[in-house]
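In what follows, a structure is listed as structure tokens, so that the remarks can point back to it.
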Amino acid sequence: MKTTDLVAIKWKYSPRIIDHHIEHLLEISDAILLKGPKWCGKSWTGAFFSNSVLDFQDIEDGKKNIELVNSAPAIAISTPKPLLIDEWQDAEIIWDIVRKKVDMGLNDKFILTGSVTPSSIKNFKSSNTEQKKHSGSGRIIQVQMYPMTFYEKHKTEISISISELLNGKQLENGLLSKLTVYDIANEIVQGGWPKTRNLDSSDAQILVGGYINAIADDDTLKYRNIRINAKLVNKLLFSWTRNISTYSSYETIYKDVIGILIKPISLPTFKSYISVLKDMYLIDEIEPWSPNVRSKTRVRGTTKKILIDPSIGCASNNITAQKLVGDLNYLGFFFENLVIRDLKAFSEVTNWKILQYRDNSGLEVDAILELGNDEYAAVEIKLSNFHKQEAVENLKRFYKKMEKTYKAPKLMIVIVGIGSFTEVIDGVHVIPYEFLKN
């Protein structure tokens, strides 16, 4: 990407829900970092808010830009602001350059993008000084980006805002979703990647498979200085996908992985691979929600395993839309991951924290939206309207338990994939996935 490309990018840019948040951050801060998986749209979003670009992966100028940053950093960043620094980790010294520039208080604006988790910054070393890098805490505000949500991709005419419901807006009853099981399956396989949004699911799966291979062959090696076996990465993704949206332990997944390997690996090696895949935004885990420490409710601390985008699991396991439709139970696990992906994207602009609940009595809630000030919402996710009432009854049980042991949720929602319409049942809001918005 070059500065001369900005006009065309701004003309073609498809708005994202994160846009207003970024605009606000640029008003109150001089530098932000857009972090997240490759392909999710970080570069274009950053470009939309920028007046110049320093791209370290540009085919023609990438190496030249890296050399310029290392030899003459003042010249490299002297372009009109805001300046987009794309894939900053390819020229690691730029992090400290931006941090020091912000410290000067000149009101220059910088937007960095990166496809490696910033928690690894403490392990980076500058090629010039061999000194560990400063974290940038308090100077460079980090913003997580996700693949596109269903709402961002399709811009549906009808939308139901969770934030508005939390603020007291009444749900309009009787709005019927037109999504079919085939629509849901295709949405999962296609993923939320801007490059695949106009492709059919089979073509999208080819591109996502290539994306996974590129990550395994390049980025994990480059940014963690760990000798990575690309085939093992694919095997781990295969097993992780088999346990999608479940509470499976690392030990369970480890046993599954070594069961399909010719040459076994140790548990510590397995865990190091998990760390790498998290750093590269391929896999994720949903942490358990804990009520107030004084609560009598005992919460089980196991995390729920998910993918940053469920299309990654489909591509790594060669799961087509047709295969998903042929196994509705498995499709349900993928659908839960799809909804969680959107909720996590919403959380970046709403300041929610997305957690899950499971206690020793066996009571589970798919998602807890931690809102702050001890307030929260409880969400159940169901593929089909056939299981709607089951989800409603589960949330009612949860409500009664929390009312006695902690405090009741501010809002209860059942998100349904197919065959559903908006309604309120015993205080529980039923929302079709098709209409879901932050």
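The values are calculated or read from the model by the stated rules, or taken from the named source; none is laboratory data. Here the structure is a predicted model, which means the values were calculated and not measured. Cβ atoms come from the backbone with ideal geometry, glycine included; neighbour counts cover every protein chain shown. Ligands, DNA and RNA are excluded from the accessible area calculation, which covers all protein heavy atoms including side chains. Shrake-Rupley method; radii C 1.70, N 1.55, O 1.52, S 1.80 Å.
Here are a few things to note about the model shown:
- Options T45, T3: the member that is of a type in the set (S, T, Y) and closer than 23 Å to R341 by Cα: T45
- Hits in the range 426-438 (condition: open to solvent by 30 Å² or more (accessible area, probe 1.4 Å) and either farther than 26 Å from N351 by Cα or of a type in the set (A, V, I, L, M, F, W, C) (or both)): D426
- Residues of the range 404-416 include at least one that is among the polar types (S, T, N, Q), open to solvent by 10 Å² or more (accessible area, probe 1.4 Å) and in contact with a Ser or Thr (Cβ under 8 Å, 6 or more places away or on another chain).
- Residues located in the range 50-72, provided they are open to solvent by less than 40 Å² (accessible area, probe 1.4 Å) and either closer than 29 Å to R16 by Cα or among the polar types (S, T, N, Q) (or both): S50, S52, V53, L54, D55, F56, D58, D61, G62, N65
- Those residues of the range 18-43 which are open to solvent by 60 Å² or more (accessible area, probe 1.4 Å) and not in a helix (DSSP H, G or I), in sequence order: W39
- Matching entry among S78, S50, S71 (being touching a residue at least 40 places away in the same chain (Cβ under 8 Å) and of a type in the set (G, A, S)): S50
- Unique residue being in a helix (DSSP H, G or I), within 27 Å of K344 (Cα to Cα) and of a type in the set (A, V, I, L, M) when the list is A8, A74, A47: A47
- Where a residue in the range 235-252 is within 13 Å of T303 (Cα to Cα) and touching a residue at least 40 places away in the same chain (Cβ under 8 Å) and its partner, wherever it lies, is of a type in the set (A, V, I, L, M, F, W, C) and open to solvent by 50 Å² or more (accessible area, probe 1.4 Å), with Cβ under 8 Å and at least six apart: I244/F333; S245/F333; T246/F333
- Only one of the listed residues (V349, V379) is of a type outside the set (F, W, Y) and under 15 Å from V414 (Cβ atoms). That residue is V379.
- Search result, residues across the range 321-346 that are more than 23 Å from E393 (Cβ to Cβ), in contact (Cβ under 8 Å) with a residue 24 or more places away in the chain and of a type in the set (G, A, S): A321, A345
- Single unsatisfied condition, I381 versus (1) closer than 30 Å to A204 by Cα; (2) free of Cβ contacts under 8 Å to residues at least 60 places away in the same chain; (3) part of a helix (DSSP H, G or I): (3)
To keep it simple, each residue is scored yes or no on (1) of a type in the set (S, T, N, Q); (2) open to solvent by 40 Å² or more (accessible area, probe 1.4 Å).
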position	(1), (2)
K323	no, yes
N337	yes, no
N351	yes, yes
M402	no, no
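- Extreme residue, nearest to the chain's Cα centre (by Cα), among residues of the range 404-419 that are of a type outside the set (K, R) and modelled with pLDDT under 95: G419
- Out of P15, P80, sole residue that is under 29 Å from I308 (Cα atoms) and open to solvent by 50 Å² or more (accessible area, probe 1.4 Å): P15
- Breaking point among (1) touching an Asp or Glu at 6+ places or on another chain (Cβ under 8 Å); (2) under 28 Å from A315 (Cβ atoms), for Y357: (2)
- I368 falls short on exactly one of the conditions (1) within 18 Å of L171 (Cα to Cα); (2) out of contact with any helix residue (DSSP H, G or I) (no Cβ under 9 Å at 6 or more places or on another chain); (3) open to solvent by less than 40 Å² (accessible area, probe 1.4 Å), and that condition is (1).
- Candidate set: the range 148-193, residues that are closer than 26 Å to D327 by Cα, of a type in the set (S, T, N, Q) and part of a helix (DSSP H, G or I); chosen: the one most open to solvent (accessible area, probe 1.4 Å): N186
- Any hit, the range 331-347, residues being more than 24 Å from E172 (Cβ to Cβ), touching a Cys at 6+ places or on another chain (Cβ under 9 Å) and at pLDDT 95 or above: yes
- L343 being within 14 Å of Q190 (Cα to Cα), assigned to a helix (DSSP H, G or I) and not aromatic (F, W, Y): no
- Test: residue in the range 389-411 that is in contact with a strand residue (DSSP E or B) (Cβ under 7 Å, 6 or more places away or on another chain), among the hydrophobic types (A, V, I, L, M, F, W, C) and more than 17 Å from R358 (Cα to Cα): yes
- Answer residue from the range 85-142, given it is at pLDDT below 50, more than 22 Å from S43 (Cα to Cα) and not in a loop (DSSP other than H, G, I, E, B) and is most open to solvent (accessible area, probe 1.4 Å) among those: K132
- Residue match in the range 414-422 (condition: in contact with a strand residue (DSSP E or B) (Cβ under 6 Å, 6 or more places away or on another chain), within 23 Å of I306 (Cβ to Cβ) and either of a type in the set (K, R) or part of a loop (DSSP other than H, G, I, E, B) (or both)): yes
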